[in-house]
Amino acid sequence: MQVSDNTVVAIEYTLKNDAGDVVDSSVGHAPLTYLHGHHNIISGLEHALLGKKVGDSFTVTIPPEEAYGLRDESMTQVVPRHLFQGVDEIVPGMKFHAEAEHGVNVVTVMEVKGDQVHLDANHELAGETLHFDVVVQAIRAATAEEIEHGHAHGLDGHHHH
């Protein structure tokens, strides 16, 4: 069986940035299980997996346009410190959930200058070229329910709560 639309695919992966640092990895954890063809993973990785078989291992380099997008400087903002009530100390690298038009955005504190807090709502991998080492571990046909819901329900096809 090959990876194609409406298959559920389990992959083991390691993600590195251009500097060669490991940003994320499923090794030692459960594999990443996703429904192919429904934009559940970044497009560059979905394209690279199309047609692969169980046991295939490969490395793929994905430009930001097919990953988390280019950085958008309009997504940075400076807000007054008093908006962070109940937070004793604000330091760069802290993440907060902020209400946005389309749900919730994660914003990262870039720097704090006096009463001014500089925030960045870009995905932390925006603008990054990503390097994935991938091993395809399992492929199965998706269930009708999974296709209807647009995502995988775990390795065995059932919803777990």
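The values are calculated or read from the model by the stated rules, or taken from the named source; none is laboratory data. Just so it is clear, the structure is predicted and the values come from calculations on it, not from any experiment. Here the Cβ positions follow ideal geometry from the backbone for every residue, glycine too, while neighbour counts run over all protein chains shown.
Val22 - would you say it is in the same structural domain as Val112 (by TED's automatic domain parsing) and out of contact with any Asp or Glu (no Cβ under 9 Å at 6 or more places or on another chain)?
Criteria not met by Val22.
Would you confirm whether or not segment 36-56 contains a residue that is part of a loop (DSSP other than H, G, I, E, B) and more than 30 Å from Ala144 (Cα to Cα)?
No: zero hits.
Conditions: (1) part of a loop (DSSP other than H, G, I, E, B); (2) over 16 Å from Ala138 (Cα atoms). Asp24 meets all but one. Number of the miss?
All conditions pass for Asp24, except number (1).
Right, Ala138: of a type in the set (Gly, Ala, Ser), surrounded by 14 or more Cβ atoms within 10 Å (Cβ to Cβ), more than 28 Å from Val9 (Cα to Cα) and in contact with a strand residue (DSSP E or B) (Cβ under 7 Å, 6 or more places away or on another chain) or not? Before you say what the answer is, go through the steps one by one.
On the way: of a type in the set (Gly, Ala, Ser): yes; surrounded by 14 or more Cβ atoms within 10 Å (Cβ to Cβ): yes; more than 28 Å from Val9 (Cα to Cα): no; in contact with a strand residue (DSSP E or B) (Cβ under 7 Å, 6 or more places away or on another chain): yes.
The answer is no for Ala138.
Of all residues in segment 12-35, which are among the aliphatic types (A, V, I, L, M), surrounded by 14 or more Cβ atoms within 10 Å (Cβ to Cβ) and farther than 20 Å from His149 by Cβ?
Within segment 12-35, Leu15, Val23 meet the criteria.
If you scan segment 41-55, which residues turn out to be surrounded by fewer than 16 Cβ atoms within 10 Å (Cβ to Cβ) and in contact (Cβ under 8 Å) with a residue 60 or more places away in the chain?
Across segment 41-55, the qualifying residues are Lys53, Val54, Gly55.
Within segment 65-114, how many residues are surrounded by 10 or more Cβ atoms within 10 Å (Cβ to Cβ), more than 20 Å from the chain's Cα centre (by Cα) and not in a strand (DSSP E or B)?
Counting residues in segment 65-114 that are surrounded by 10 or more Cβ atoms within 10 Å (Cβ to Cβ), more than 20 Å from the chain's Cα centre (by Cα) and not in a strand (DSSP E or B) gives 6.
Find the residue count for segment 76-111, including only residues that are among the hydrophobic types (A, V, I, L, M, F, W, C), farther than 26 Å from Pro63 by Cβ and out of contact with any Asp or Glu (no Cβ under 9 Å at 6 or more places or on another chain). Spell out how you get there, then give the answer.
Narrowing segment 76-111 to residues among the hydrophobic types (A, V, I, L, M, F, W, C): 78-79, 83-84, 87, 90-91, 94, 96, 98, 100, 104, 106-107, 109-110.
Restricting the remaining residues to those that are farther than 26 Å from Pro63 by Cβ gives 78-79, 83-84, 87, 90-91, 94, 96, 98, 104, 109.
Within this subset, residues satisfying the condition of being out of contact with any Asp or Glu (no Cβ under 9 Å at 6 or more places or on another chain) are 78-79, 83-84, 87, 90-91, 94, 96, 98, 104.
Count: 11.
Test Asn40 against the stated conditions and say whether it is under 15 Å from the mean Cα position of the chain (by Cα) and farther than 25 Å from His153 by Cβ.
On the way: under 15 Å from the mean Cα position of the chain (by Cα): yes; farther than 25 Å from His153 by Cβ: no.
When the stated conditions are applied, Asn40 does not pass them.
All but one of (1) surrounded by 14 or more Cβ atoms within 10 Å (Cβ to Cβ); (2) small (Gly, Ala, Ser); (3) without any contact (Cβ under 8 Å) to a residue 24 or more places away in the chain hold for Ala126, so report the exception by its number.
Of everything listed in (1) surrounded by 14 or more Cβ atoms within 10 Å (Cβ to Cβ); (2) small (Gly, Ala, Ser); (3) without any contact (Cβ under 8 Å) to a residue 24 or more places away in the chain, Ala126 misses just condition (3).
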